[in-house]
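Undergrad: The following block contains the structure, expressed as structure tokens.
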Amino acid sequence: MTRSKETSAVTMARWEMWNLRALFPEAEAADLIALREKRRRYRALEEAALERLAGDGASLLGPGRRFLAEHPELGEGIVVTMHIGPYQFLPEPFLHAGQQPSVLLNEAAHQRFAAPAEAVRRRLGLPGVIDWIPVTESGFARRMVAALRARRPVLVFLDGNGGLGGSARTLKQGMPYRLPGREIRVRTGLGRLVRRLGCPVHPVVLRWSEEGDVVWRKDESRRWGREADPEAVTRQLFDWGFAEVLATPEQWSFWEMLKTSYSCFARSCLDEKVVPPPVRDDARRMLRACLDRAPRRVHVAIWGEVEIWPGEVLADLSSDRFFAAEGLTGEDLTWLRERRPSLESLCARHGRAWVEFHVLRLFLLGLISLRGS
């Protein structure tokens, strides 16, 4: 393994641990290793299950069809769920019953989920179509309301947590929601909609059993009226959703939600403290003097553990600080860390304007030092 790949693997392990501690604050490396092993086991179950569909899939699909027959109320209103277990099978019993479900989800989930679900539908020769409604498309709310008013089932993946404006808007306008180890921001649009429409909301989750069977489970259906607080409704929905995740984190497939919704990654939180103009001006003059007089002899060295994380976040793990990446990449940091390059070599690689912006900013943030050789 090359040095850069080793660095990338270490960064990914740290990132996974940081994510895991959002749900389990006391988690250690052994817990992450155990979680990875469980996830591998369930992925193997899923691959075997999809192969079984090519032959006799009754043992996989029968539970869902019986479940819908036992809960006919699911045919009207909103079914909320999470990307847990064999979530791809969720639309199947509705199609088998001759219904046309609408599926509301974010674009990343749509790209991952739609093709396998459509492949299952075609393989089984199921009637009807799935009405995919990505929340990034203009007019998605009108399509959802139209489906509800036509008394068609609407399936909503709560952990998509997106909409128009993407993750940046979620971070800027989302409601703070506290997980056991960290705060995230969540959208309140679904909460506002269900209180306005007064439609029933049915929490449903699918899981794999240890034997490779599909287990369906439903919690109590709820209705909220116009007098309900949309933030309180949203909080109750996510309380249910994350209780399901905490019960079997190894079966949750959409950890990406956390990557784009941590409150500490909100732009307002990433804005660094204003450096007094005299200090900034002195630092700029010092850097330019080094560039003009001794670019070969002055080298850049990184202090502590500094990484680029998803969402264009510059993470200082030594002091748990987070800043906007401003175009800086993980490759840039690897170069600085491993090469301790001179200002001259940095200018040759990136240009002087890049050096005057990024090196100055990293220096003012206390993340690098300038050292003479």
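The values are calculated or read from the model by the stated rules, or taken from the named source; none is laboratory data. Here the structure is a predicted model, which is why all the values come from computation and not from measurement. Counting neighbours? That spans all protein chains shown, and the Cβs are built from the backbone with ideal geometry, glycine included.
Undergrad: May I ask you to list pairs of residues, at least six apart or on different chains, whose Cβ atoms are under 9 Å apart, with the first in segment 205-217 being over 18 Å from GLU92 (Cα atoms) and in the same structural domain as GLY62 (by TED's automatic domain parsing) and the second being hydrophobic (A, V, I, L, M, F, W, C) and in a strand (DSSP E or B)?
TA: Final answer for the pair search is SER209/VAL215.
Undergrad: Here are some residues: TRP309, TRP303. Which one is surrounded by 17 or more Cβ atoms within 10 Å (Cβ to Cβ) and either outside the structural domain of GLU183 (by TED's automatic domain parsing) or out of contact with any helix residue (DSSP H, G or I) (no Cβ under 7 Å at 6 or more places or on another chain) (or both)?
TA: TRP309
Undergrad: Among (1) in contact (Cβ under 8 Å) with a residue 24 or more places away in the chain; (2) assigned to a helix (DSSP H, G or I); (3) within 18 Å of VAL245 (Cα to Cα), where does MET17 come up short?
TA: Failing condition for MET17: (1).
Undergrad: Of the residues that sit in segment 119-135 and are of a type outside the set (A, V, I, L, M, F, W, C) and surrounded by 17 or more Cβ atoms within 10 Å (Cβ to Cβ), which one is nearest to the chain's Cα centre (by Cα)?
TA: PRO134
Undergrad: Here's a follow-up. What number of residues in segment 332-356 are touching a residue at least 24 places away in the same chain (Cβ under 8 Å) and either closer than 21 Å to GLU272 by Cα or part of a helix (DSSP H, G or I) (or both)?
TA: 13
Undergrad: Determine which member of the set ALA27, ALA49, ALA69, ALA44 is among the small types (Gly, Ala, Ser), assigned by TED's automatic domain parsing to the domain that holds LEU179 and within 21 Å of the chain's Cα centre (by Cα).
TA: Within the list ALA27, ALA49, ALA69, ALA44, the selection yields ALA27.
Undergrad: So ALA146 fits all but one of (1) free of Cβ contacts under 8 Å to residues at least 24 places away in the same chain; (2) in contact with a Gly (Cβ under 6 Å, 6 or more places away or on another chain); (3) among the small types (Gly, Ala, Ser); what number is the exception?
TA: So the condition that ALA146 fails would be (2).
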